[in-house]
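A quick write-up on the structure given underneath.
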Amino acid sequence: MVAAAKSGTRNAAVDTAQFHAEYATAEAKLRSARAWAMEVWRGIEGTLDAGDLTSAEQDTLLRLALNHATWTVQDVGQTVHRWAGTAAIRRGPIDRFLRDLGTGTQHITSSPTVLQNCGKWLSGAQRQAHWEFLDLTP
């Protein structure tokens, strides 16, 4: 919406090839993160619908997909900020969007510890461990 409003104006940055490339990259990142999160969730739903408990792998992938989606959206938000110009510093939807994204990255599920624990399990370093909330427990 902001890009469309600026397009065609004198020296509009949103009319450059670089903007279009970054817009496409942000779109791909966002769609990829969403698709993976949906894939992980579909697997979990199938397990729960069958009356089973989730596996350690599913628990790990759920935490990793959530962490990844949060940081991917933050990255996309930075792209929006970079190209929004002064619209990003005024009170309004972009300002609110950027603040919400920053807040999301502060949640414990987005912490380095969760990401590290996912890596421990996926690498096989703690393959026998299980999740207790956000901690990987031997």
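The values are calculated or read from the model by the stated rules, or taken from the named source; none is laboratory data. Given the structure is predicted, the values throughout are model-derived calculations rather than measurements. Neighbour counts are summed over all protein chains in view; Cβ atoms, including those assigned to glycine, are modelled from backbone coordinates with ideal geometry. To get the accessible areas, we keep the full protein, side chains included, count just its heavy atoms, and leave off ligands, DNA and RNA. Shrake-Rupley method; radii C 1.70, N 1.55, O 1.52, S 1.80 Å.
What the table shows:
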read-out: Calculated [θ] (222 nm, deg cm²/dmol) that DSSP helices of n ≥ 4 give over the chain, each run adding -39,500 (n - 2.57); value: -22500 deg cm²/dmol
read-out: For Leu136, distant residues with modelled amide H under 5 Å away; value: none
read-out: Net length gained if the chain between Thr113 and Leu134 were fully extended (0.36 nm per residue, minus Cα distance); value: 6.7 nm
read-out: Debye log10 I(q)/I(0) for the chain, one point scatterer per Cα, at q = 0.11, 0.19, 0.22 Å⁻¹; value: -0.54, -1.08, -1.29
read-out: Accessible surface of the chain [probe 1.4 Å, protein heavy atoms]: carbon and sulfur percent; value: 58
read-out: Neighbour net charge for Ile44 - beta-carbon separation under 15 angstrom, K R +1, D E -1; value: -4
